[in-house]
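The values are calculated or read from the model by the stated rules, or taken from the named source; none is laboratory data. These numbers come from a predicted model, not from an experiment. FYI the Cβ positions are ideal-geometry reconstructions off the backbone, even for glycines, and counts take in every protein chain you see.
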Amino acid sequence: MRNTLLSGTACAALCLVSFSGAARSATLDDVMARLDKIEKENAELRAKVRSLSAAKPVAAAPAPAPAVTDPSKFKGNPVLHAGVATSPAPKPGGMTIGGIPVKAGPLGPLIDNTTVTLYGSIDISGDVFNPSVYDQGTKFGVASNISSFGIRVRHNLAPYGWDGMAVVAQIESQVDFASAPTERAAFGTRDSFVGMEGPWGSIKAGKTDTPYKKSTAAMDPFTRTLGDYNSIMGNTGGDNRAEFDWRMNHAIWYESPIFNGFQLSALISPGQNEARDNSDYAYGDLFQCNGASARGSGSNFPNTGGALAGNIGGNGCTDGSFGNAYSASLTYKNGPFSAIAAFELHEQVNRHGDDGLEPALAGTPAFAPVFLADGSQVLTGTHNEWAAKVGGGYHFNDGLGDLQLNAYYEWIRREVTPAEQPFNERSRDAVFASATQKIGMWALSASYAHAFKSPGNPAMLSVNDPALAPLATLQGNLFSNDASQYAIGARYYFSDWASWYIVGSQLNQGPGAHYCLGASGHGYQVCSRDQFNNTIGGATIRAATTGMTFNF
């Protein structure tokens, strides 16, 4: 009777997932964390069943209970989140695999060793925004804000003699609900990998958000929206790409176990670039520059910046393409207090797209250097870029409900020569702070980000202030490129999985700054650019967005 109950418990634990005790979440990262916890609990349950069955052999294993098909029989969320795939069951009686004895008890055939989980996040919003550039006026939009779908697989190796170990894999893709899909929504475009997990941590290979990015991701209450902090944070020179808040291709990374509240993560990504100045595509990446998203800024797709005119192939990766990259973070959590420290290095970042010294097409002049009105030549070169940040958070109940406070400081540097310093917009400091107050089913949030002035700035082709327009072709460091972003919003939770939100955001910029709202995470960016795709400095950009999020 005892083994019968254990068998039924094991089967039920693997076939059904209950979400009645799940913490309320608005992000896919929270969903993934809960699924990880459930998978580990299932692994512990398997181990207990094996140990009990070994102590008291069972003559015959009972048949598994029939599957529940009536949604009303499920408690909590009626979606069946985890499915169990059939994997080769270890056979008792001295069988070995690769010379290793199989540790399978009488209940072994009832416990499948591979768990497959389907998950996703749907986030669609309606937006109203004003780029504040000449006569562009107020515009409306509908965005699918990095909605995604994924498959996670965990293969337990304990029955094969590897106690506490498992093979893990994931395939995740962007889903363009509101826009026409391109290669950006191809299968496996988001975090996708295979790896090993054990008591010592996990090591994985594929593509993933860097440890630098993950270390502060939970601090931003407006992720995916037009209030996303990547308008400034992790963003070296403004525009529509946050180079240090990135998903790294062809990477290998390690994640340690949590020890006394501390966890270490470290990643390395080979540049895989045959060009010494990293102006070519990385091996294995066709028509895609390193350090750029598909068809995004710096990708060498036409009109994305740095691309060679009339060409989408070879040696045109001159707008932020880099070689080897390294990223690491150390996080700490103890009760209501959390702290982070992170560092990331990009080797030999090619910025010739700013100075016109990129390789030219056959039959055209070798170079097209940029000279300013005062006769000086713009120089940016190919140099290392790095970023570092430290910060923390505190969580407590203030009588109204749970209150979460977060803040961190960030340094970004480009290691240039003294002659290039007047044109160095890639070195700057920034600060970010956010607060989220929960009251019942509501979460009220506010955030602030500020980028300090950089040492220099490449030439601005135009500025948004007509009084400064005659000076636009002089050295860019005549104009301050500091910027401040303000965001405020509210989210209402219908359940742990479905919520509605409304967010307002404003970006105030110095006359030499050209940051964007929605630089990453939103379905599109709102930038100060003219009809020729040239940046316009000093625009004040405003936006409001409302939408729904459904995680499953």
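Some points to look at:
- Among residues of segment 327-346 that are closer than 18 Å to Ser256 by Cα, those with a Cβ under 6 angstrom from a residue that is basic (Lys, Arg), sequence gap 6+ or separate chain, pair up as Ala342/Lys389.
- Residue list for segment 124-147, filter: in contact with a Gly (Cβ under 6 Å, 6 or more places away or on another chain) and modelled with pLDDT of 90 or more: Ile124, Ser125, Asp127, Val142, Ala143
A quick yes/no check of all residues on (1) at pLDDT 85 or above; (2) touching a helix residue (DSSP H, G or I) at 6+ places or on another chain (Cβ under 7 Å):
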residue: Asp245; (1), (2): yes, yes
residue: Ala251; (1), (2): yes, no
residue: Tyr254; (1), (2): yes, no
residue: Asn260; (1), (2): yes, no
residue: Ser265; (1), (2): yes, yes
residue: Ser279; (1), (2): no, no
residue: Ala282; (1), (2): no, no
residue: Leu286; (1), (2): no, no
residue: Gly305; (1), (2): no, yes
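- Taking the criterion of being in contact (Cβ under 8 Å) with a residue 60 or more places away in the chain, over 30 Å from Ala513 (Cβ atoms) and buried (at least 20 other Cβ atoms within 10 Å of the Cβ), the residues of segment 113-147 that qualify are Thr115, Thr117, Tyr119, Ser121.
- Per-region count, segment 155-176, residues within 22 Å of the chain's Cα centre (by Cα) and either of a type in the set (D, E, K, R) or closer than 24 Å to Asp245 by Cα (or both): 8
- The number of residues in segment 480-509 being assigned to a loop (DSSP other than H, G, I, E, B) and closer than 16 Å to Asn235 by Cα comes to 2.
- Looking across segment 392-445, the residues that are under 23 Å from Ala498 (Cβ atoms) and touching a Phe, Trp or Tyr at 6+ places or on another chain (Cβ under 6 Å) come down to Met441, Trp442.
- In segment 405-413 there is no residue that is surrounded by 15 or more Cβ atoms within 10 Å (Cβ to Cβ), modelled with pLDDT under 95, in contact with a Gly (Cβ under 8 Å, 6 or more places away or on another chain) and acidic (Asp, Glu).
- Leading residue by the ranking (surrounded by the fewest Cβ atoms within 10 Å (Cβ to Cβ)) among those in segment 317-338 that are among the small types (Gly, Ala, Ser), modelled with pLDDT of 90 or more and over 30 Å from Leu403 (Cβ atoms): Ala328
- Applying the criterion of being in a strand (DSSP E or B) and of a type in the set (D, E, K, R) to the residues of segment 419-459, the residue that is surrounded by the fewest Cβ atoms within 10 Å (Cβ to Cβ) is Asp429.
- Test: residue in segment 278-286 that is touching a residue at least 40 places away in the same chain (Cβ under 8 Å), closer than 30 Å to Ala430 by Cα and either in contact with a Gly (Cβ under 8 Å, 6 or more places away or on another chain) or surrounded by fewer than 22 Cβ atoms within 10 Å (Cβ to Cβ) (or both): yes
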